[in-house]
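Read through the structure below, which is laid out as structure tokens, and then see the notes.
The values are calculated or read from the model by the stated rules, or taken from the named source; none is laboratory data. Being a predicted model, the structure only gives us computed values, none of them experimental. Here Cβ is always computed from backbone atoms with ideal geometry, including for glycine, and neighbour counts include all displayed protein chains. Just so you know, the surface numbers come from the protein's heavy atoms only, side chains and all, with ligands and any DNA or RNA stripped out. Shrake-Rupley method; radii C 1.70, N 1.55, O 1.52, S 1.80 Å.
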Amino acid sequence: QVRLVESGGGLVQPGGSLNLSCATSGIILGFYVMGWYRQAPGKQRELVASINNYNTPNYSESVKGRFTISRDNAKNTVHLEMNDLKPEDTAVYLCNAVGIPFGWGQGTQVTVSS
């Protein structure tokens, strides 16, 4: 059974930083392109960062230069380092495979507010 557990969210002021983690189980992480998605209230879920099996990252324009995605296949984890956070980054952040996602986890709430 595939399980995705996100953690590390919280309340942070504009310009602040957070580090998110995604612990996976039930899959061989190295087989998949993994991504971090976010969903803000009233908006569609969007993919903000992805990383392939060669550790090549891709970012949406909205987070490029501020977010860094990484993966540790041996530990079955995926991480998202977020810097220079903005109020528009406020959302629930979720990790999942890209293309054919597994069942979604609970996500972790990120709130950027002064």
Packing-based order for 53-62, 14-23, using average beta carbon neighbours within 10 Å, highest first: 14-23, 53-62
Angstrom value of the Kirkwood radius, inverse mean 1/r, which spans all Cα pairs in the chain: 13.9
Additional length obtainable on full extension of the chain from S113 to S62, 0.36 nm per residue less Cα span: 16.6 nm
Student exercise, the chain dipole from Lys, Arg, Asp, Glu Cβ charges, in Debye to nearest 20: 160
Contour minus Cα-Cα distance for K86 and L11 (0.36 nm per residue): 25.8 nm
Heavy-atom surface of the stretch 1-81, accessible at 1.4 Å and reported per residue (Å²): 57
Heavy-atom accessible surface of the chain: percent carbon and sulfur, 1.4 Å: 49
The stretch 45-114: trypsin sites (Lys or Arg not before Pro) falling in loop per DSSP and having at most 14 other Cβ within 10 Å: K64, K75
